[in-house]
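What follows is calculated from the coordinates using simple rules that are stated; it is not laboratory data. Bear in mind that the values here come from a model prediction, so they are computed numbers and not experimental data. Don't worry about glycine lacking a Cβ; one is built from the backbone with ideal geometry, like all the others, and counts go over all protein chains shown.
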Amino acid sequence: MKIGVMAESFRTDFKSAVKIAKQLGADGMQAYASSFGADGIMGYCDGDLSKKTVAENEIKEVRSIMSDAGLCFSAICGDFGCAMYYTKNRAEIDREKRVIEVAEKLGTKIVTTHIGVIPDYECGQYDSMILVYGELARFAESAGCKFAIETGPEKSPLLKAFLDNVNSKGCAVNLDPANLVMCAGENPVEAVKNLKDYIVHTHAKDGIRNRPVDTRALYAPQYYELPPEDWSAISEMPLGDGNVPWDGYIAALKETGFDGFLTIEREVGENPKGDIEKAVTFLKKYL
């Protein structure tokens, strides 16, 4: 397995994030599709590579920045919110397809996203989610890519059943153990066992669940006619300080033969660089 870092976790521009990632000993980086224009690298008027055809010279420049640092993209995050999975917004669906195309050109075949909360019963929301995700998974399959759902909003057996139902080689999972602990209240070791055929990328993140929560009220309250839940129900923690059972989790990944990225994501905290540096050291003892 390899160590990656989420570019946005450094809270700086893309070029600086690449330099820091290299200094900390990472093997690769994941970045949001909307990040590359922030410091003028790709010249987008709105800083979003997904809304416009990407020129080959712009792709070449980004790849050059990465290769000069000896890094590769572990994945591209094409997360624009979960609304389109409930509303079937054609413009947003097509926007996601552009991300899949660009990701492949940037040297990765993995695009990750959140799709909302899969309900455990047949309903309009379920039908809409399977329709939209299915279209995007099949598009990814046609491009030789994977469209990976990030874990956390629901427990792994429900997510597996959903992916089995879609039945496309483009279906995949970005396994985030902290989200499973914090939101779904599930042991990530069990999730690895359930989702082993779909895992193509993981997030190295930790956290605790402060109280049980209806994840529909966290991620998509308006689509389930629920009052929004306060995010104080969960707390992200530095790697090793939360409730992710790292020994068992890493062992489970190894047992499945997973040899991809453990990508560090740090969304809170006063010293993200310091937390990420400690996280790299923490992960290296397993690798």
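Miscellaneous remarks
- Dipole moment magnitude, nearest 20 debye, the chain about Cα centre, only Lys, Arg, Asp, Glu C-beta charged: 720 debye
- Three-way shape call for the stretch 106-145 based on the alpha-carbon gyration tensor, with the a/c threshold at 1.5: prolate
- Whether the stretch 131-287 is rounded, prolate or oblate, judged on the alpha carbon gyration tensor where a/c under 1.5 counts as rounded: oblate
- Label-zone membership for the stretch 179-195, site N210, 7 angstrom Cα→C-beta point, backbone N under 15 Å: 182-183
- Virtual spin-label span in nm between D13 and D241, 7 Å along Cα→Cβ: 3.1 nm
- Qualifying GluC sites (Glu not before Pro) in the stretch 193-287, where qualification requires a DSSP coil assignment and no more than 16 other C-beta atoms within 10 Å, comprise E225, E267, E270.
- With Cα atoms as the point set, the radius of gyration and Dmax of the chain evaluate to 17.9, 50 Å.
- Only Lys, Arg, Asp and Glu carry charge here, each on its Cβ (+1 for the first two, -1 for the last two); on that basis the stretch 174-265 has a dipole of about 120 debye about its Cα centre.
- Where GluC sites (Glu not before Pro) fall in DSSP loop in the stretch 73-152, at most 15 other Cβ within 10 Å: E122
- Calculated FRET efficiency for the pair A251/D94, C-beta based, R₀ 45 Å, to 0.05: 0.65
- Tensor-based shape of the stretch 55-145 (alpha-carbon gyration tensor, a/c under 1.5 rounded, otherwise prolate or oblate): prolate
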